[in-house]
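None of the figures in this text is laboratory data; all of them are computed from the coordinates on show. Model, not experiment: these values are computed from the prediction. Note that we place each Cβ from the backbone using ideal geometry, even for glycine, and neighbour counts take in every protein chain shown.
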Amino acid sequence: MNADKTRLLLESIRDKKIDIEEGITRLQTMSYVDLGCAKLDTHRERRVGYPEVIYCPGKTTEQVKTIIRAMLSLDSNILATRATEELYEEIKQMCPDAIYNFLARTITVQKKVMETPDSYIAVVTAGTSDLPVAEEAAVTAEIFGNRVERIVDVGVAGVHRLFDKLDSIRGAKVIVVAAGMEGALPSIIGGLVDKPVIAVPTSVGYGASFQGIAALLSMLNSCAGGVCVVNIDNGFGAGYMASMINKLR
């Protein structure tokens, strides 16, 4: 509930348009709504600037539908991550406005247009295999009201490809870099730009990559200043952080 809705509720109680008991019930739902399977944090967008996001694995279809149904009643923008196509088909029947991104495995519903800054976020991938994680970051940033420039397949095996895109990368306010294998690309970009770099290790690679641990350790040990690291395959976390940085005044 935003400030305008809170004011309207209090005025309605004052003017006796709704009784005190109903007012108490509405006030109790300002912080969260108990859905049985989940407690939807309805105050989160007002508190931190972004609504709650649904992580789909481990939840049943009915649980996800229950959460989305409640969020629709609040006019919140909706982002569900790691969603299957089968889950999307179920959600689409309930909410025709839902959009599925097959690459990112996200479901989004845009109920309102968020303020978009003039600056943009660059989302860069070392290889094509890193695209699903990078696209999750891009979709996350976009649903939260950011312009995103996607720069694909500029990894260190052919680093000359990176230099062709360097102007676009340097023009961003913040840069997300998704890389698997040895995870070297964020360090290279970090040494070429004056903007924060959010490194996303991906689980792409052969045996000794250890499902992204090798890339994670490389990024954590980056000698380039200005590089921070999120968890393996955590495109959502990178996109969320990039959005927060991009919207700093």
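Of the peptides 188-201, 56-69, the ranking by mean beta-carbon count within 10 Å, highest at the top, reads 188-201, 56-69.
By the rule of a C-alpha distance below 13 Å, with chain neighbours fewer than 8 residues away ignored, the aspartates and glutamates paired with residue 165 are 149, 153.
Taking the fewest neighbouring Cβ atoms within 10 Å as the starting point, the ordered list for 20, 232, 213 is 20, 213, 232.
Only helices at least 15 Å long along their own axis, judged from Cα atoms, and with Kyte-Doolittle mean hydropathy of -0.5 or greater: name those in the chain from DSSP H.
Details: long enough: 3-14 (16 Å, -0.31); 61-73 (18 Å, 0.24); 131-143 (18 Å, 0.85); 235-246 (16 Å, 0.66).
Those that clear 15 Å and a mean of -0.5 are 3-14, 61-73, 131-143, 235-246.
For segment 98-110, backbone phi angles converted through the Karplus equation (6.51, -1.76, 1.60; θ = phi - 60°) give residue-by-residue couplings of 5, 10, 10, 9, 5, 6, 7, 6, 10, 10, 10, 9, 9 Hz, Gly and Pro being listed as x.
In terms of surrounding Cβ atoms within a 10 Å radius of their Cβ, 223, 37 rank from fewest to most as 223, 37.
Under the simplified labelling scheme, the residue 153-residue 249 pair shows an inter-label distance of 4.3 nm, with each label point 7 Å from Cα along Cα→Cβ.
A straight Cα-to-Cα reach below 17 Å connects residue 111 with the aspartates and glutamates 45, 52, 75, 97, 142, residues fewer than 8 places away in its own chain not being considered. Only aspartates and glutamates eight or more places from residue 17 in sequence, or on another chain, were considered; those with a Cα closer than 19 Å are 4. Inter-part distance, segment 86-140 to segment 212-249, computed on C-alpha centroids, equals 19 Å.
The distance separating the Cα centre of segment 161-182 from that of segment 37-80 comes to 32 Å.
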